[in-house]
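Any read-out appearing in this document is the output of simple, stated calculations on the displayed coordinates, not a laboratory observation. Because the structure is a prediction, the values reported are computed rather than measured. No Cβ is skipped: glycine too gets one built from the backbone with ideal geometry, and neighbour counts run over all protein chains shown.
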Amino acid sequence: GQNIDQPTEMTATEGAIVQINCTYQTSGFNGLFWYQQHAGEAPTFLSYNVLDGLEEKGRFSSFLSRSKGYSYLLLKELQMKDSASYLCAVRDQDSGYALNFGKGTSLLVTP
Amino acid sequence: EAQVTQNPRYLITVTGKKLTVTCSQNMNHEYMSWYRQDPGLGLRQIYYSMNVEVTDKGDVPEGYKVSRKEKRNFPLILESPSPNQTSLYFCASGGQGSAYEQYFGPGTRLTVT
């Protein structure tokens with residue numbers, strides 16, 4: 001099985017940078033995903049890491065270290081609309097395409 | 001437009017009355033899945049399907065059934081709903097991209113009284 005941990009809540013200021021961490025334990029790692037979910041809405045795909053390193057996509061970047069079982073999502077130039085829950089999910093080789101989700105980090109961006 | 005659709009979006013029902021939540025995708029995805037989301041528990045997988053006529057249990061399958069007779073459709077069936085199945089339900093499908101990321105439907109908010 002997998003154990004995925006991420007902080008429950010974070011607060012940051014508009015225009016700032018915030019880093020949301022995720023740690024995981026899995027026997028057959030096969031990819032890590034970040035999703036964004038606004039309250040009452042569906043999760044939307046943000047990023048995917050399967051090799052170590054940083055993947056950059058506009059204001060959002062995601063980092064992975066497989067040896068440490070660690071990832072982070074970096075959000076730059078925060079905007080009010082970035083207030084949402086951020087979900088870390090891990091795919092395991094033994095479970096096909098199934099994703100195991102962390103409980104999510106609720107990010108509040110303040111003026 | 002590529003999308004996953006679910007119906008109904010909202011449903012209030014009573015204990016024991018059978019219901020079906022439909023899910024359909026137009027992206028020709030092989031993989032489809034159902035999740036429930038509860039406060040403090042996050043997204044938990046109920047059932048998934050790797051292809052037509054191939055389904056398997058997720059982490060919380062008790063009280064649910066699914067079928068995959070066609071590639072595009074993956075209905076979730078609650079034969080005898082109970083109040084502990086009150087939840088927000090999401091259907092998702094997985095594509096042919098390199099990440100095989102999943103795309104989620106808009107959600108179905110179910111209340112069982």
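Figures for the structure shown
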item: Ranked A:Tyr70, B:Tyr89, criterion: other C-beta atoms within 10 Å, fewest first; result: A:Tyr70, B:Tyr89
item: Nearby lysines by direct alpha-carbon distance to A:Lys76 (threshold 20 angstrom, same-chain neighbours under 8 apart not counted); result: A:Lys57
item: Part-to-part distance (alpha-carbon centres) for the range A:39-111 and the range B:22-60, which is given in Å; result: 20
item: Shielding score for A:97-105, defined as the mean number of other chain Cβ atoms within 10 Å; result: 6
item: Residue order, fewest to most surrounding Cβ atoms within 10 angstrom, among B:Tyr35, B:Tyr10; result: B:Tyr10, B:Tyr35
item: Given chain B, longest segment not containing exposed loop trypsin sites (Lys or Arg not before Pro) (DSSP; at most 13 other Cβ within 10 Å); result: B:19-68
item: Contact order normalised by residue count of chain A, Cα under 8 Å, 6+ apart, percent; result: 36
item: Given charges at beta-carbon only (K, R positive; D, E negative), |dipole| of chain A in Debye; result: 80
item: Length-normalised contact order of chain B in % [C-alpha pairs under 8 Å, at least 6 apart]; result: 35
item: Anchor B:Lys17: lysines whose Cα lies under 18 Å away (excluding residues fewer than 8 positions away in-chain); result: B:Lys65
